[in-house]
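Trainee: If you scroll down you'll find the structure; I have some questions about it.
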Amino acid sequence: MNIPHIQGYEDENKLPKEDWHLSSVITSIEKRSDSAYYIAKRYLEKILSTLNIQDIEYTLLSEFSEENLSEEIKNSMYMFDRNTSAIVTAGDIVLGIIGEIDNKVKGNFKLPKYTAGLDININALNSIDIKNNKYTAMPKYPESRVDLCVEVNNDIQYKALYDSIYKDINNDDINGKVTCLDIYKESEKADTKRITFSLAIRNFEKTLNDKDIKSITQKVIKRLESNFQAKII
């Protein structure tokens with residue numbers, strides 16, 4: 001935890017703002033198959049859950065308008081990989097940034113390939129109006145998982161895909177979670193990108209069988225193909 005002083009980040013009296021920040025770097029020298037981003041996200045969500053802060057959104061850094069970012073985040077965003085990092089928001093409040101560290105930064109500091117970080121403004125956290133959320137019962141039946149790799153044009157935003165999938169796996173009958181496993185571009189000049197989602201789905205009344213999962217998945221795929229001209233890989 002620290003109070004950074006950043007050039008151009010001033011209060012109404014033209015004095016340096018002294019916001020408290022929670023920052024962390026997660027790294028491992030061991031070869032791992034999971035994503036460093038999601039380990040960092042797991043730690044952050046544990047903190048936010050403890051504080052009863054919900055309805056958090058993660059917007060891909062490459063898709064977030066810099067005009068809506070404070071000088072503090074603009075100053076630190078270049079340390080992060082734009083395609084595997086996200087801006088963290090609660091409503092209209094920008095809380096900070098989380099994601100995998102840029103390869104050049106990792107090289108300069110001799111960090112392992114498996115490295116992610118987060119930087120959260122504690123003053124912004126304190127400005128959130130925390131409400132007592134109504135408890136929602138979770139299905140007692142086991143979840144089923146399915147992965148989807150979607151190829152779309154670069155102008156299609158990750159959040160639009162996420163919202164579409166989330167809507168299709170959450171209704172009166174089923175409860176679902178969507179996790180992004182990977183975002184891949186063959187090169188910076190490539191016209192398309194591939195995003196791999198993991199879907200965890202539960203039914204409120206029964207254990208889902210293969211036929212059920214196929215039906216739900218086909219509904220998700222059909223909407224992605226229709227609305228975003230997505231190609232399922």
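Okay, residues lined up against (1) touching a Lys or Arg at 6+ places or on another chain (Cβ under 9 Å); (2) of a type in the set (Gly, Ala, Ser); (3) within 14 Å of ASN154 (Cβ to Cβ); (4) surrounded by fewer than 13 Cβ atoms within 10 Å (Cβ to Cβ):
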site	(1), (2), (3), (4)
GLU188	no, no, yes, yes
ASP210	no, no, no, yes
SER215	no, yes, no, yes
GLN218	no, no, no, yes
GLU225	yes, no, no, no
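Trainee: Could you grab me the full set of residues in the range 71-105 that are modelled with pLDDT under 90 and touching a Phe, Trp or Tyr at 6+ places or on another chain (Cβ under 7 Å)?
Mentor: Across the range 71-105, the qualifying residues are GLU71, GLU72, THR84.
Trainee: Go through (1) modelled with pLDDT under 85; (2) outside any loop (DSSP other than H, G, I, E, B); (3) aromatic (Phe, Trp, Tyr) and name the single condition TYR43 misses.
Mentor: Condition (1) is where TYR43 drops out.
Trainee: If only one of ASN170, ASN153 is farther than 30 Å from GLU18 by Cα, in contact with a strand residue (DSSP E or B) (Cβ under 8 Å, 6 or more places away or on another chain) and surrounded by fewer than 14 Cβ atoms within 10 Å (Cβ to Cβ), which one is it?
Mentor: Working: ASN170 fails: surrounded by fewer than 14 Cβ atoms within 10 Å (Cβ to Cβ).
Exactly one of ASN170, ASN153 is farther than 30 Å from GLU18 by Cα, in contact with a strand residue (DSSP E or B) (Cβ under 8 Å, 6 or more places away or on another chain) and surrounded by fewer than 14 Cβ atoms within 10 Å (Cβ to Cβ), namely ASN153.
Trainee: What are the pairs, 6+ residues apart or on separate chains, where a residue within the range 99-125 that is in the same structural domain as LYS46 (by TED's automatic domain parsing) and more than 26 Å from LEU48 (Cβ to Cβ) has its Cβ under 6 Å from a residue that is surrounded by fewer than 19 Cβ atoms within 10 Å (Cβ to Cβ) and of a type in the set (Val, Ile, Thr)?
Mentor: Correct list of pairs: PRO112/THR27; PRO112/ILE29.
The values are calculated or read from the model by the stated rules, or taken from the named source; none is laboratory data. This one's a predicted model, so the numbers in the text were calculated from it and none came from an experiment. Neighbour counts run over all protein chains shown; Cβ positions are idealised from the backbone, glycine included.
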